[in-house]
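Take a look at the structure set out below.
The values are calculated or read from the model by the stated rules, or taken from the named source; none is laboratory data. Remember, predicted model here, so these are calculated numbers, not experimental data. Cβ coordinates were reconstructed from backbone atoms using ideal geometry, including for glycine residues, and neighbour counts include every protein chain displayed.
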Protein chains: 2
Amino acid sequence: MTTVAALFFDVFGTVVDWRNGIIRQLSRFGDDKRLEADWPAFADAWRDCYQPAMEQVRSGARPWTVLDALHRESLVGLLGRFGIDGLSDTEILQLNRSWHRLDPWPDSVEGLIRLKRRFILSTLSNGNTALLVNMAKRAGLPWDVVLGAESARAYKPQPEAYLRNMALLGLEPDQCMMVAAHNNDLSAASALGMRTAFIARPGEHGPGQTIDLEADGDWDVVADSMTGVADALGCQDGC
Amino acid sequence: MTTVAALFFDVFGTVVDWRNGIIRQLSRFGDDKRLEADWPAFADAWRDCYQPAMEQVRSGARPWTVLDALHRESLVGLLGRFGIDGLSDTEILQLNRSWHRLDPWPDSVEGLIRLKRRFILSTLSNGNTALLVNMAKRAGLPWDVVLGAESARAYKPQPEAYLRNMALLGLEPDQCMMVAAHNNDLSAASALGMRTAFIARPGEHGPGQTIDLEADGDWDVVADSMTGVADALGCQDGC
């Protein structure tokens, strides 16, 4: 691993616990507004809109659109489906910004701080820049640079999402490692010559999770936490 | 200033001392290779190529080109002019990367660390992403996000360089403050509705400096160091 200069991180699921964060914020909003709904089901339904919405952009059916805008369209549709009417634009914006206020997994910040001593830490997320910056500021995620779908104008797993961001750092694929809790993200990165690290996040999708419970490829690092990735890359406490 | 969420920093001259950094690295290269030249004159000549090179891009005479590429073209021309022949591509790359290895002014890191507690800290530099990330990693500049000409595909002081980067953070101009040692940078930012902070850097251009010795506009903050900006914005030690 001596040639690796930069680590690129998937964020939703890998660094932050999106599902519990969304449920928490939806529930709090419901309490404030005296609205009742199955908030875990709402959170799962919102995330179910994620891939189809990005696929419209990937396929070229619609022009480049950032994730905040895709999230908002999905949210407006779901509010109707869950029988929630009459929210103001400000309330919808506040709810949509729930994705900016997700908490990290308990090991994420410590692991990233250790890794930052040795490597350039970059996001490589389908989230847009504002979302990722606001999230990092609130959660204490110590990124060196915030890259992703917006800086590449392409959504993972399209090759351009990886290639354009590596080019922005002036690095070749074998100088870059993709860190993700999703095997398909690592497959796409590996196919381009990037190194790979898998973190098992068996709670990402809640109690019924069936995918990504374990590594299903020959990844360079396999761990069950961000601190485990730091251990595997030789970034011990105090290194 | 209660509405300011993000500070955008000019980098060359404002945060780092480009002139002494370039002279130091050119001189060291000369010592290593047993080359003699007037290195301060070389450094100044290199910087003299900076605005004309960017102007070719601003005017549309050439397509978007990052600063590393412009610096390299200027460097190759100057090597000939200073009678230095026969450098390899690797040596030219090493010299060109001098711009990635500039030291901060003595007050920069402390001031930025204090400001980071309250504000989003973004670069807004004509340097390209790789240059700014490598510089920050070496010098300990605690950016939250690295933006600039490359993320906007426009060189300051063109309005797009400011507007597109504020849009990437989802912020309006009055939520953003431009921090620079150059009055013309602040004029351009102010014309778009941004707040402004001037830092006097009377040593930026060496002993004969004649421009930007003091604020020549009605800037919101006028200081002579980054810690002075932190003081003015209420970011005391331990705040």
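Just one of the listed residues (A:TYR155, A:TYR162) is modelled with pLDDT of 95 or more, within 15 Å of the chain's Cα centre (by Cα), under 27 Å from B:ARG97 (Cα atoms) and of a type in the set (Ser, Thr, Tyr), and it is A:TYR162. Considering segment B:117-144, the residues that are more than 21 Å from B:CYS235 (Cα to Cα) and assigned to a loop (DSSP other than H, G, I, E, B) include one that is farthest from the other protein chains (Cβ to nearest Cβ), namely B:ASN126. With respect to the conditions (1) farther than 25 Å from B:ALA43 by Cα; (2) out of contact with any strand residue (DSSP E or B) (no Cβ under 6 Å at 6 or more places or on another chain); (3) among the polar types (S, T, N, Q), B:THR196 falls short on a single one, namely (2).
Among the conditions (1) more than 14 Å from the chain's Cα centre (by Cα); (2) facing another protein chain (nearest Cβ under 9 Å); (3) not hydroxyl-bearing (Ser, Thr, Tyr), the only one that A:LEU147 does not satisfy is (1). Which of the residues spanning segment B:110-143 are of a type in the set (A, V, I, L, M, F, W, C), over 25 Å from A:GLY170 (Cα atoms) and free of Cβ contacts under 8 Å to residues at least 40 places away in the same chain? Listed by number, the list holds a single entry, B:ILE113. Among residues of segment B:59-72 that are under 12 Å from B:ARG153 (Cα atoms), those with a Cβ under 6 angstrom from a residue that is surrounded by 19 or more Cβ atoms within 10 Å (Cβ to Cβ), sequence gap 6+ or separate chain, pair up as B:THR65/B:VAL57; B:VAL66/B:ASN128; B:VAL66/B:GLU150; B:LEU67/B:ASN126; B:LEU67/B:GLY127; B:LEU67/B:ASN128. For segment B:166-180, a residue qualifies if it is surrounded by 17 or more Cβ atoms within 10 Å (Cβ to Cβ), of a type outside the set (A, V, I, L, M) and away from every other protein chain (no Cβ under 11 Å), and the qualifying residues are B:PRO173, B:GLN175, B:CYS176. Restricting attention to segment B:150-165, and to residues there that are without any contact (Cβ under 8 Å) to a residue 60 or more places away in the chain and within 13 Å of chain A (Cβ to nearest Cβ), which single residue is surrounded by the fewest Cβ atoms within 10 Å (Cβ to Cβ)? So the residue we want is B:ARG164. Among helices (runs of 4 or more DSSP H) entirely within segment B:7-116, having at least 1 residues that are in contact with a Pro (Cβ under 7 Å, 6 or more places away or on another chain) and either crowded, with 19+ Cβ neighbours inside 10 Å or not small (Gly, Ala, Ser) (or both) singles out B:18-33, B:108-116.
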